[in-house]
Structure formats: C-alpha cells, structure tokens
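Just below is one structure, and these are the notes that go with it.
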Amino acid sequence: MQLASRQVHLDFHTSEEIPGIAADFDAQAFAQTVRDAAINSMTVFARCHHGWLYYPSEQFPERVHPHLVNRNLLLEQVRALHAVGVRAPVYITVQWDYHSATTRPEWLIRKPGGAHEGPPFTEPGFYQSLCVNTGYYDFLAAQTAEVCAMLGDELDGIFFDIVGIRPCMCASCRAEMKARGIDMANEAAVRAFAKASIDRFKARMTALVRQYSPDGTIFYNAGHVGPCTRDSRDSYTHFELESLPSGSWGYLHFPVTARYARTLGLDCIGMTGKFHTEWGDFHSLKNQAALEFECFRMLSYGFAASVGDQLEPGGTLNPATYQLIGHVYRQMQEREAWARPSRALVEAALVTPEVLTHEHLVPESIFGAAQLLEELAIQFDIVDLEADLDLYPLVILPDDLVVTDAYQAKLDAYVQSGGHIIACARGGLNAAKCYPASFGTAYQGQETLWPSFVLPRGAMANGLIADNAYVIYLQGELIAPTDGEVLLTRQEPYFARAGSHFCS
C-alpha cells in the first residue's frame with residue numbers, strides 16, 4: 001500500500017471545561033487551508049483522550065462532548081477534506097480515556113498492589129491506563145463499529161492510539177492468567193501475557209474494521225516500532241513512526257526506529273510535530289529549518305511525512321502553522337517522486353538487543369552504534385534476531401547482545417557462507433559466556449584494572465600515531481584469541497585508583 005506522502009495528524013483532545021467546542025468551524029475554510037499547505041491526508045478525531053466523541057453518536061450519546069456546538073464535526077471534516085482531494089483517516093484512542101477511567105474503575109489497568117497504572121486522579125492529565133481485557137473492549141469495539149458504519153465508503157482508515165504492552169493485575173487479567181496456568185509472581189511471564197493480550201486485541205480490532213472497510217488503513221500507535229511489533233505486523237497496513245525530536249524522543253530515536261521498521265515490509269510514515277516541545281504545546285511554532293530537516297530526513301528514508309498539530313477548541317486551524325507546514329511540504333512535493341517508492345540499499349545489519357515484550361527500552365548501545373554508522377556514512381538496517389542475515393554482507397553485534405545457542409549456530413552458518421561479523425564486548429556471547437566458534441576468541445570476563453590503554457599498529461593505526469598508548473576510560477571486556485588474529489593490544493594501568501593507591 002502506497003500511503004499519502006504529506007500528512008498532518010490533527011489532535012483534538014478537548015476538555016469538558018471549555019465551552020463552544022467547534023463553534024467556529026467552517027468546513028470550506030478548513031479544507032482550503034489544508035489544501036493550500038500541500039497536505040494530502042489529515043487524521044481527524046472520533047474520540048479523544050478526555051473520552052469525548054465528536055460526532056452524533058446514537059449508541060453513546062452521553063459520550064458526545066457536552067459543549068460540542070457542531071455535532072457533525074467529524075463527518076463535516078471528512079467530507080470537506082474529500083472534496084479537495086485529501087484523505088481523512090479517523091483517530092480513536094484506546095488505553096487513555098479520562099471519562100472511562102473516572103467512571104469505570106473496573107476497566108483500569110492495575111498494578112500488583114492494586115493501584116491503578118498512571119498518576120493519581122488529583123493530578124492533571126488523562127494518563128490512567130485502561131485494560132482491553134475488561135468490559136472496556138466491548139465499548140471500544142462498539143464505538144469503532146459505529147464510526148465505521150457511519151462513514152461507510154467515506155472511511156479512509158483508523159488510527160488507534162495508545163496501544164501498548166502494559167502488564168495488568170485487574171480481575172479480568174488475573175482470571176485469564178490463572179486459567180492459563182501463568183505464574184502471576186513471575187514478572188516476565190506476566191509481561192509476556194500482556195504482549196499476547198495486546199497482539200490479540202490488534203488482530204480482533206483489525207478483523208472488526210475489515211467488516212466495514214476492506215482496504216482502509218489501520219495503524220496501532222505505541223510511540224515506537226521495534227521488535228515488539230513484528231508478531232502483530234499482519235494487523236497493520238503501514239507504520240507511523242511517532243518521534244518528536246524536540247519532545248521526549250530526541251533526535252537519535254527516529255533513525256533507530258526507521259531503520260528497523262523498514263525491514264518489516266510495510267510502507268512507513270515518519271511523524272514529527274509542529275510544536276516546540278510535546279503534543280498539545282499550543283501556539284508554539286517549530287522553526288522552519290528544524291521542520292525541514294525532520295521532514296526531509298523522513299523522505300531520505302523513502303518514507304511519507306506526518307506533522308502533528310492540534311485543532312483549536314473553537315475548531316479553527318492556526319494560519320501560521322499551515323504556512324510553515326505548507327512551505328516545507330511544497331518542497332517535498334517537488335522532490336518526493338525521486339524517493340517514493342524506493343528500497344534501501346544497505347551494506348550492513350545492526351542487530352538490536354531490544355526486548356520483544358517492551359516498546360520503549362531501546363538500548364544505549366543501539367543509539368551509539370547507529371550514530372557511529374551514520375557519521376561514517378555506512379548504509380545499514382537495524383534487525384532483530386528473526387532477520388535473515390544472508391541479506392547483508394556485514395552483521396554488527398553491539399556491546400550487550402547476549403544470544404541463544406541457536407542464534408550462535410546461525411552466526412556460524414552465516415560466516416561459513418561468506419558473511420562478515422563485527423562484534424563488540426559481549427556481543428554474541430551465550431548464557432555460558434562463550435562466543436560462537438567462528439569468532440576464534442574466548443571470553444575472560446570484565447577488566448579488573450581500568451582505565452586501560454590500546455596500542456594501534458599497522459592498519460589499526462590509520463589516522464592515529466602508531467604505538468602510542470590511547471586511553472580507554474570505561475571498564476572493558478577481556479578476551480583471548482583461540483585461533484583468531486590479534487589486531488590491537490591492550491595495556492593495563494599500574495593499579496586501580498582507590499584509597500591510598502593513586503597517582504596524580
């Protein structure tokens with residue numbers, strides 16, 4: 001599926017304390033602003049994190065925003081956008097819904113001690129998470145079906161937000177884990193159940209949407225796409241890589257998630273925001289150079305682009321925001337034919353140690369290795385342990401990639417077939433602290449004396465001074481060759497700096 005290339009994700013999380021919701025909405029002006037900014041898809045809202053609906057629900061009239069002046073807001077947005085040739089997928093929140101959290105406590109995700117997940121209700125925010133194994137699922141499925149039926153052939157797709165792996169000890173989850181014989185005192189087993197639950201949820205919701213829309217787009221957002229996503233790939237039509245670099249993600253996150261996501265075989269969208277900081281940073285405006293860099297970087301990966309914005313409570317778009325987006329998107333429009341569709345030609349695979357049952361635990365080793373390879377202008381993918389290594393002439397194992405015996409056999413077979421491996425520190429070790437046979441190296445544990453020094457010679461001294469001792473500040477790993485060739489030697493300090501033992 002080839003996605004629309006220049007998108008906007010239009011948030012509309014709107015408090016019930018604000019009057020006159022969508023009172024100033026003008027469908028024609030709305031659509032014209034979008035079209036003039038060279039946008040060809042805009043995600044619009046059915047239900048927000050406050051829990052309110054923005055259409056005249058027949059099944060859940062009590063959920064319609066109490067101050068929604070234009071009761072047909074969603075439908076008018078979709079039709080106005082379609083009239084100017086712009087797609088309009090629909091947003092539905094999943095695990096954050098403040099109305100549900102405050103009125104249906106039995107739907108909340110529970111920690112082992114019984115407290116709900118998220119901050120206290122005395123603090124501002126809608127971050128108290130809901131469990132899809134409770135009756136909340138029935139409400140969510142019915143509300144999704146209502147939106148799909150209401151829009152019919154006008155439905156372009158569904159964007160499900162906040163769909164994460166969240167271990168839960170609510171009554172429903174405990175009952176199912178007990179029936180399955182899962183040890184609820186085993187944190188890893190509970191987290192594996194949470195992953196299986198959310199993967200099952202995605203499959204069920206995709207099947208539901210497909211009853212109404214055989215070819216609409218479907219995406220489940222967790223704020224990161226990584227190895228945790230592979231098992232549920234078939235529930236998606238594409239990936240949207242939420243990564244606001246001036247927010248909590250930082251500028252190193254997008255390349256890591258992008259280089260992994262593109263290996264899963266679906267079209268991808270990079271998603272940034274027009275905000276200075278995070279979502280909902282009203283009346284902040286990112287500087288043009290930053291937004292150009294972020295969007296052009298997406299295009300350089302062959303991805304579509306999405307810029308996050310938030311509709312004003314009155315229902316109007318901020319003109320300055322769309323002047324900024326339009327300036328960037330018109331430049332993309334002139335160039336995108338050269339980048340989309342495209343296939344990355346890569347020289348190496350960087351194997352990630354990311355845990356399958358977590359979305360947001362990207363190891364520092366991957367951020368560091370990715371930054372290093374980018375600075376060297378080496379084209380590479382980031383892959384998981386399931387990837388076919390034979391697609392790559394070089395495989396790189398980062399510092400903390402401890403693997404199974406079966407994966408070591410996979411590495412040995414890869415080397416025997418002509419592949420090359422660069423492994424760093426514990427990269428490639430198994431649980432018994434042995435390297436693969438093809439490494440020709442024995443692991444001897446961590447250094448007891450450091451900082452240590454390396455002495456470059458021959459080719460290893462390129463760009464350095466040969467035989468000069470260069471300091472390595474952090475504690476390293478000790479290895480000894482079995483039948484390998486030593487390219488770089490190490491020198492120990494006189495003693496560890498401790499107590500009365502010090503020099504300078």
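The values are calculated or read from the model by the stated rules, or taken from the named source; none is laboratory data. All values reported here derive from a predicted model rather than from experimental measurement. With ideal geometry, Cβ positions are generated from the backbone for all residues, glycine too; neighbour counts draw on all protein chains shown.
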Count, please, the residues in segment 200-231 that happen to be in a loop (DSSP other than H, G, I, E, B) and either within 23 Å of S5 (Cα to Cα) or not assigned by TED's automatic domain parsing to the domain that holds T134 (or both).
10
Any chance segment 289-311 includes a residue that's of a type outside the set (D, E), assigned to a loop (DSSP other than H, G, I, E, B) and closer than 24 Å to S15 by Cβ?
yes
Restricting the first residue to segment 478-504 and requiring it to be in the same structural domain as A459 (by TED's automatic domain parsing), which pairs with a second residue that is at pLDDT below 90 meet a Cβ separation below 6 Å and a spacing of at least six or different chains?
F495/H501
Would you mind telling me which numbered condition in (1) over 21 Å from the mean Cα position of the chain (by Cα); (2) surrounded by fewer than 16 Cβ atoms within 10 Å (Cβ to Cβ) V403 fails?
(2)
Could you tell me which residue of segment 370-396 is nearest to the chain's Cα centre (by Cα), considering only residues that are buried (at least 16 other Cβ atoms within 10 Å of the Cβ) and either polar (S, T, N, Q) or assigned to a helix (DSSP H, G or I) (or both)?
A370
Please go through segment 353-369 and give me each residue that is part of a helix (DSSP H, G or I) and surrounded by fewer than 21 Cβ atoms within 10 Å (Cβ to Cβ), ordered by number.
E364, S365, F367, G368
Does L53 count as surrounded by fewer than 23 Cβ atoms within 10 Å (Cβ to Cβ) and closer than 17 Å to A22 by Cβ?
no
Before we move on, is S300 among the polar types (S, T, N, Q), assigned by TED's automatic domain parsing to the domain that holds V34 and touching a residue at least 40 places away in the same chain (Cβ under 8 Å)?
no
Looking at R330, is it surrounded by fewer than 19 Cβ atoms within 10 Å (Cβ to Cβ), touching a Leu at 6+ places or on another chain (Cβ under 8 Å) and of a type outside the set (A, V, I, L, M, F, W, C)?
no
Could you tell me how many of the residues in segment 32-52 are under 24 Å from L324 (Cα atoms) and in contact with a strand residue (DSSP E or B) (Cβ under 9 Å, 6 or more places away or on another chain)?
10
Would you pick out the residues in segment 232-277 that are farther than 26 Å from C148 by Cα, part of a helix (DSSP H, G or I) and not hydrophobic (A, V, I, L, M, F, W, C)?
H253, P255, T257, R259, Y260, R262, T263
What is the residue count in segment 129-173 for residues that are of a type outside the set (S, T, Y) and in a helix (DSSP H, G or I)?
18
Yes or no: segment 104-113 includes at least one residue that is surrounded by fewer than 16 Cβ atoms within 10 Å (Cβ to Cβ), modelled with pLDDT under 95 and either touching a helix residue (DSSP H, G or I) at 6+ places or on another chain (Cβ under 7 Å) or farther than 18 Å from L311 by Cβ (or both).
yes
Of the residues that make up segment 448-455, is at least one of a type in the set (F, W, Y), outside any loop (DSSP other than H, G, I, E, B) and surrounded by fewer than 16 Cβ atoms within 10 Å (Cβ to Cβ)?
yes
Step by step: first the residues of segment 335-352, then only those that are touching a helix residue (DSSP H, G or I) at 6+ places or on another chain (Cβ under 7 Å) and assigned to a loop (DSSP other than H, G, I, E, B), then the one that is surrounded by the fewest Cβ atoms within 10 Å (Cβ to Cβ). Which residue is that?
A344
Name the one entry in L317, L291, L244 that is over 30 Å from P66 (Cβ atoms) and over 17 Å from the mean Cα position of the chain (by Cα).
L291
D467, sole failed condition from (1) among the charged types (D, E, K, R); (2) part of a loop (DSSP other than H, G, I, E, B); (3) over 15 Å from A349 (Cα atoms); (4) at pLDDT 95 or above
(4)
I'm trying to understand the selection: among the residues of segment 14-28, which are surrounded by fewer than 20 Cβ atoms within 10 Å (Cβ to Cβ) and either outside the structural domain of D215 (by TED's automatic domain parsing) or not aliphatic (A, V, I, L, M) (or both)?
S15, E16, E17, P19, G20, D24, D26, Q28
Does A320 count as buried (at least 21 other Cβ atoms within 10 Å of the Cβ) and either over 30 Å from L397 (Cβ atoms) or touching a Phe, Trp or Tyr at 6+ places or on another chain (Cβ under 6 Å) (or both)?
no
Test for S197: is it of a type in the set (S, T, N, Q), under 22 Å from D384 (Cα atoms), part of a helix (DSSP H, G or I) and touching a residue at least 40 places away in the same chain (Cβ under 8 Å)
yes
Quick check on segment 114-147: of everything there that is surrounded by 12 or more Cβ atoms within 10 Å (Cβ to Cβ) and among the hydroxyl-bearing types (S, T, Y), which residue is farthest from G280 (Cα to Cα)?
T134
Quick one: which residue in E294, E364, E334 is assigned by TED's automatic domain parsing to the domain that holds T237, without any contact (Cβ under 8 Å) to a residue 12 or more places away in the chain and out of contact with any His (no Cβ under 9 Å at 6 or more places or on another chain)?
E334
Pull up segment 15-37, narrow it to residues that are farther than 13 Å from P66 by Cα and of a type in the set (D, E), then point me to the one that is nearest to the chain's Cα centre (by Cα).
D36
Kindly indicate whether any position in segment 80-98 is over 26 Å from the mean Cα position of the chain (by Cα) and buried (at least 19 other Cβ atoms within 10 Å of the Cβ).
yes
Of all residues in segment 73-128, which are in a loop (DSSP other than H, G, I, E, B), among the β-branched types (V, I, T) and touching a residue at least 40 places away in the same chain (Cβ under 8 Å)?
V84, V86, V94, I109
